[in-house]
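Novice: Following this message is one structure expressed as structure tokens.
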Amino acid sequence: MGVPEHTVTEWAALGVACILVALYPGLKIQAVTGQGDRFDYWVSNGRKDYGLEVTGTLAGDLESRHAAKVQQWRENPYGVDGYVVSVGFRAAIAICSFHRFHESRA
Amino acid sequence: MSSAPKNGIERQGLDGDFALKEAQKSELLLQAQLLRAQDRGEAAAASLAEAARIEETLSERSLAAGLRERAWLHRFSAASCWAQAGNFYQAIAWCDDLLSQADLPASLRLRVERYAQQLRTRRAQWYADLALATAASDV
């Protein structure tokens, strides 16, 4: 069975995100989130877990896609701080941003 | 950017076995997604039910370690897994259990309330459809 292109893109973006969160904030993916949690993964430094939302695109406006994902992450029900990683494969650009839940809702 | 400590869900005091169970649960959730995409609903439901039982264990262990926020997180995930597996009764029971916690954060309370309401609405629709189908087959 073939894997749809958007799924391959999301998996590739996840690969990039794993490297970025390990390299910069020093985190590793801990678990998959549940349905409706508004972000994709829990990442951890061994003491605390934070949210991680990942998106990938072959083409298109990466910044507006990133902003939309940040907005989505802001709706998480746990009130945790977290990261949003967006990867643009055609332009070979990745955006990794950190967000505080309470500041983001001001 | 503020230098204040980051707000996350505590995991201090949890052992390697806990992390192993989290990984197993994650694998089951991903497996269920794949099975649903392949129209293998029965196998997907079995994976989700197994994930739900792991989440219940993780919730209990979190509570025993004094990590209430983490316990709520795993309990809500258990509710979500049971609902996706088709067990509305257990899903709503866990939602009601969460809503009975006086200090549940407002954002999580709102999410759980909405989710429980959605489940009750869907359950009522399902009962109505089932009654209709049963009546039709009796004719």
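The values are calculated or read from the model by the stated rules, or taken from the named source; none is laboratory data. This is a predicted model, so every value here is computed, not measured. Every residue, glycine as well, gets a Cβ built from its backbone with ideal geometry; the counts of neighbours run over all protein chains shown. For accessibility, only protein heavy atoms count, side chains too; no ligands or nucleic acids. Shrake-Rupley method; radii C 1.70, N 1.55, O 1.52, S 1.80 Å.
Novice: Given chain A reduced to its alpha-carbon atoms as identical point scatterers, what log10 I(q)/I(0) does the Debye formula return at q = 0.12, 0.18, 0.22 Å⁻¹?
Specialist: Per q value, in the given order, log10 I(q)/I(0) is -0.38, -0.85, -1.22.
Novice: Starting from the Kirkwood radius over alpha-carbon pairs of the protein assembly as shown, derive D by Stokes-Einstein at 25 °C in a medium of 0.890 mPa s and give it in µm² s⁻¹.
Specialist: D = 127 µm²/s.
Novice: Give me the distance between the Cα centres of the range A:31-100 and the range B:63-82, rounded to whole Å.
Specialist: That distance is 22 Å.
Novice: Straight-line reach from B:LYS25: which lysines have Cα under 18 Å away, leaving out those fewer than 8 places along the same chain?
Specialist: A:LYS28
Novice: Leaving out ligands, DNA and RNA, what percent of the accessible area of chain B is carbon and sulfur, probe 1.4 Å?
Specialist: 54
Novice: Aspartates and glutamates near B:LYS6 by alpha-carbon distance under 15 Å, same-chain residues fewer than 8 away left out - which ones?
Specialist: Within the straight-line cut-off, B:LYS6 pairs with A:ASP49, A:ASP81, A:GLU103.
Novice: Also, quick follow-up: Considering only protein heavy atoms, what per residue accessible area in square angstrom results for the range B:39-103 with a 1.4 angstrom probe?
Specialist: Solvent-accessible surface per residue comes out at 42 Å².
Novice: Rounded to the nearest 100 Å², what is the buried accessible area between B and A, both sides summed, probe 1.4 Å?
Specialist: In total, this chain pair buries about 2400 Å².
Novice: State in Å² the accessible area per residue of chain A; use a 1.4 Å probe, count heavy atoms of protein chains only, and round to the nearest integer.
Specialist: Averaged over the residues of chain A, the accessible area is 49 Å².
Novice: Right, here's the next one. Evaluate chain B: find the radius of gyration of its Cα atoms, find its Kirkwood radius, and give the ratio Rg to Rh.
Specialist: 1.07
Novice: Please check which bits of the range A:42-68 a label hung off A:GLU5 would reach, taking the label as a point 7 Å along Cα-to-C-beta and the cut-off as backbone N under 16 Å.
Specialist: Inside the label zone: A:56-61.
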